[in-house]
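Below is one structure, written out as structure tokens; the observations come after it.
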Amino acid sequence: MMNWNLNEAKKDLEEQLRDAIWEINALHNKKCELKLQNEQSQKECSETIKKLTETVDLTHQENKHFKTNTQLMERKMEELAEGVRQKMEDSIRILHRRVHVTELLNNENKDSYKSTKQKYEEESKIFGEKIADYEDEIRRLREKVLKLEADIGARKEKI
């Protein structure tokens, strides 16, 4: 009976050993599978980190480029604004000169008009006086002619 117990114990131990080996193999396989998954996850994480790092670097470069472009655009806008301001100031200066010249010409025209009007009025007054003198002279001459005609008519009657 002891033999049987030993055989049975031996079988039990062999069975436990097989179960333990099987479990060890299963755990080893699971370990290998988990190790592969871990390596794959690490590889994916590493690739993701690499891509994110590249994206961050690219973003930094684009940001620097954008800042540079923004600064260039701001400088260009300032230059354009300065050019527009300068052109406006030049245009205002030219318009101011034109207005000034126009005012001078207008004043000259006013002065010329006043002097021409004054000369006209003086000449008109002189001509008016001359006309009045000529009319007086004509009236006197008519009176003389009429007096002479009357004298001649009176002399003819006496004859």
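Summed over qualifying helices (DSSP H, 4 residues or more, each -39500 (n - 2.57)) and divided by its residue number, the chain shows a 222 nm mean residue ellipticity of -38500 deg cm²/dmol. Hey, quick one: spin label on Lys114, modelled 7 Å out along Cα-Cβ, who in the stretch 75-100 has an amide N within reach, i.e. under 20 Å? Those under the cut-off are 100.
If you wrap the chain in the convex hull of its Cα atoms and look at it from every side, the mean projected area works out to 24.4 nm². For the stretch 86-139, the calculated P(r) over all alpha carbon pairs, in 5 Å bins from 0 to the bin holding the longest distance, is 6, 16, 12, 10, 10, 9, 7, 7, 6, 5, 4, 4, 3, 2, 1, 0 percent. Length gained on full extension, Thr70 to Gln86, computed as 0.36 nm times the residue gap minus the Cα-Cα distance: 3.4 nm.
With springs connecting C-alpha atoms under 10 Å apart, model the chain as a Gaussian network and identify which of Asp90, Asp12, Asp111 has the largest mean-square fluctuation. It is Asp12. Counting only lysines at least 8 places from Lys117 when in the same chain, those with an alpha carbon closer than 28 Å to its own are Lys125, Lys130. Ranking Leu105, Thr53, Ile94 by how far each Cα lies toward the positive end of the dipole of the chain (charges on Cβ) leaves Leu105 at the top. The calculated pair-distance distribution of the stretch 74-116 uses every alpha carbon pair, bins of 5 angstrom beginning at 0, and gives 7, 19, 13, 12, 10, 11, 7, 8, 5, 4, 3, 1, 0 percent.
Whole number please: convex hull volume per residue of the Cα set in the stretch 2-53, in Å³? All intermediate terms of the calculation are to be shown ahead of the outcome.
Details: hull volume 1.6 nm³, N = 52.
Hull volume normalised by residue count: 31 Å³.
Run the dipole for the chain about the Cα centre, Lys and Arg Cβ at +1, Asp and Glu Cβ at -1, nothing else charged, and hand back the magnitude in debye, nearest 20.
Details: 32 positive and 34 negative charges, 276 e Å.
Charge dipole of the chain: 1320 debye, to the nearest 20.
In order along the stretch 105-116, the Karplus-derived 3J(HN,Hα) couplings, from 6.51 cos²θ - 1.76 cosθ + 1.60 at θ = phi - 60°, round to 4, 4, 5, 4, 5, 4, 4, 4, 4, 4, 5, 5 Hz, and Gly and Pro are given as x. Bridgeable lysines around Lys147 (alpha carbons under 24 Å apart, same-chain partners fewer than 8 residues away excluded): Lys156, Lys158.
Straight-line cross-link reach from Lys10 at under 18 Å between alpha-carbon atoms covers these aspartates and glutamates, not counting any fewer than eight positions away in the same chain: Asp19.
Computed from the coordinates by the stated procedures, all read-outs in this text should not be read as laboratory data. Since the model is a prediction, treat every value here as computed from it, not as a measurement. So basically every Cβ, Gly included, is an ideal-geometry build from the backbone, and we count neighbours across all protein chains shown.
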